[in-house]
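First the structure, in the form of structure tokens, and then the observations on it.
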Amino acid sequence: MATRRTSKGRTKRRRYGSAASKRVESAMRRRKRGTLRSGRGGKGGKVKSRKQAIAIGLSEARKKGAKVPRRPGKKR
């Protein structure tokens, strides 16, 4: 579903695609299991922060080509 209705009857486009949400769900599960790691190649420390897990999931989704908006601050 690409659009949804707001309370005032207007349609609003979804910001993230379903593939992105699946990646984030996967990252959250890995965080809970204790297998999610930060850094290149997973060589960093264990991820304990919920926000960091979401950021890693979105980053993975971007790399796979899912519909995810660009990171803030990365203007060209």
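The values are calculated or read from the model by the stated rules, or taken from the named source; none is laboratory data. Because the structure is predicted, anything quoted here is derived from the model rather than measured. Using ideal geometry, Cβ is built from the backbone for each residue, glycine included, and neighbour counts are taken over all protein chains shown.
Could you list all residues from region 39-58 that are at pLDDT below 90 and in a helix (DSSP H, G or I)?
Once the filter is applied, which keeps residues that are at pLDDT below 90 and in a helix (DSSP H, G or I), region 39-58 yields ARG40, GLY41, GLY42.
If you go through region 1-38, how many residues are more than 18 Å from PRO69 (Cβ to Cβ), modelled with pLDDT of 85 or more and outside any helix (DSSP H, G or I)?
5
Search region 37-63 for residues that are surrounded by 10 or more Cβ atoms within 10 Å (Cβ to Cβ) and pair each with any residue that is of a type in the set (Asp, Glu) when their beta-carbon atoms are under 9 Å apart and the residues are at least 6 apart or on different chains.
So the pair list comes out as GLY57/GLU25.
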